[in-house]
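Let me begin by presenting the structure, written as structure tokens, before commenting on it.
The values are calculated or read from the model by the stated rules, or taken from the named source; none is laboratory data. Please read these numbers as outputs of a predicted model, since none were measured by experiment. Cβ atoms come from the backbone with ideal geometry, glycine included; neighbour counts cover every protein chain shown.
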Amino acid sequence: MRDDPLDLTPLDPSQDPERWRGRMDAVMQRVEPSIRSRAAAAPTVLELIRGWARVAVPAAAVTAGLVLGISQAVSAPKGPNLAGTDPVEQWLAGDVTIPAWLRAERPPSPTDLLLGLGGAR
Amino acid sequence: MRTAYAVALSVLRQPADAEDVAQETMVTAWQKLDQLDDPGRFRAWVLQIARRRALNFRRDESARRELPLDAAAPVASGEATDRETLRHDLRARLLGAMDGLTDEERTVLLLHDLDGLKHREIAASLDLPAGTVRYHLFNARRAVRARLADERQEDDHA
């Protein structure tokens, strides 16, 4: 069974090019005002960039602030001044008085224990 | 615009009316472009406008007109007249042969064989499965060929 395309050329409106062009021109004439008004309403490139900048600049400032803050916190020097009241931190900071009984390498006497519990300083 | 013309012709079966409708369709499409949600559906959207306009046109015209414009032979001179008369005759034969087709078959046939759209483009535009488009196209071609062959036989006998 044949299934080639039918030759519908006689129905093709562009076979009469002048007439068809006239139709096209008529369409263009009628839509021209709406094209022009749409073009006038469309934002220019500068307006688009300005619009983006209105959002992008504050966002960039906030991001930069965050990054700066984090990087400063991470790279800040650690030293004795950071030692708080925690005994381990104090010891690490070299801020602990080693008791005499420990330096002498002898067991603590009751007095040493009392002094230790009550605070040597 | 040819696509809009093909759809309008499938509904109206009068080339001059179909040209009017295609022209109005394109103007409407341009003016209502803001209402098109998906630019990828532009062709389907235009076809919908063309179809709606053609149906309205047919409804209005059938109440008004008795003799179709295209039924009147063109008036010209010399060689141009012969060419135009021949074209007019071929056109009338083709349109007559399409009379027995359904609207869908006629639309598919005109979009494919006149406007040159592919099966999948027609399927997307008419919201039909590609297989259905192929089926309609096959049936439409077969029916038109059979009708034209019958006419030729009748002419030969006359």
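Can you name the number of the only condition in (1) modelled with pLDDT under 85; (2) within 11 Å of another protein chain (Cβ to nearest Cβ); (3) part of a helix (DSSP H, G or I) that B:Ala63 fails?
B:Ala63 satisfies every listed condition except (2).
Can you name every residue in the stretch A:14-57 that is basic (Lys, Arg) and at the interface with chain B (Cβ under 9 Å from one of its Cβ atoms)?
A:Arg19, A:Arg23, A:Arg30, A:Arg38 - these are the residues of the stretch A:14-57 that are basic (Lys, Arg) and at the interface with chain B (Cβ under 9 Å from one of its Cβ atoms).
Which numbered condition in (1) at pLDDT below 85; (2) surrounded by 11 or more Cβ atoms within 10 Å (Cβ to Cβ); (3) acidic (Asp, Glu) is the only one that A:Glu47 fails?
Answer for A:Glu47: the failing condition is (2).
Of all the residues that make up the stretch B:7-23, how many are polar (S, T, N, Q) and more than 10 Å from every other protein chain (Cβ to nearest Cβ)?
The number of residues fulfilling the criteria is 2.
When the residues of the stretch B:116-145 are narrowed to those that are among the small types (Gly, Ala, Ser) and within 11 Å of chain A (Cβ to nearest Cβ), which ends up surrounded by the fewest Cβ atoms within 10 Å (Cβ to Cβ)?
Step by step, filter the stretch B:116-145, then rank; the result is B:Gly116.
Could you list, in sequence order, the residues of the stretch A:3-13 that are more than 7 Å from chain B (Cβ to nearest Cβ) and at pLDDT below 90?
A:Asp4
Okay, residues lined up against (1) more than 8 Å from every other protein chain (Cβ to nearest Cβ); (2) in a loop (DSSP other than H, G, I, E, B); (3) among the hydroxyl-bearing types (Ser, Thr, Tyr); (4) under 18 Å from A:Ser34 (Cα atoms):
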| site | (1), (2), (3), (4) |
| --- | --- |
| B:Tyr5 | no, no, yes, no |
| B:Thr25 | yes, no, yes, yes |
| B:Thr28 | yes, no, yes, yes |
| B:Arg41 | yes, no, no, no |
| B:Leu47 | yes, no, no, no |
| B:Arg51 | yes, no, no, no |
| B:Asn56 | yes, no, no, no |
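Would you call A:Leu66 in a helix (DSSP H, G or I), exposed (fewer than 10 other Cβ atoms within 10 Å of the Cβ) and among the hydrophobic types (A, V, I, L, M, F, W, C)?
No.
I'm trying to understand the selection: among the residues of the stretch B:87-115, which are touching a Lys or Arg at 6+ places or on another chain (Cβ under 8 Å), surrounded by 15 or more Cβ atoms within 10 Å (Cβ to Cβ) and assigned to a loop (DSSP other than H, G, I, E, B)?
Across the stretch B:87-115, the qualifying residues are B:Met98, B:Asp115.
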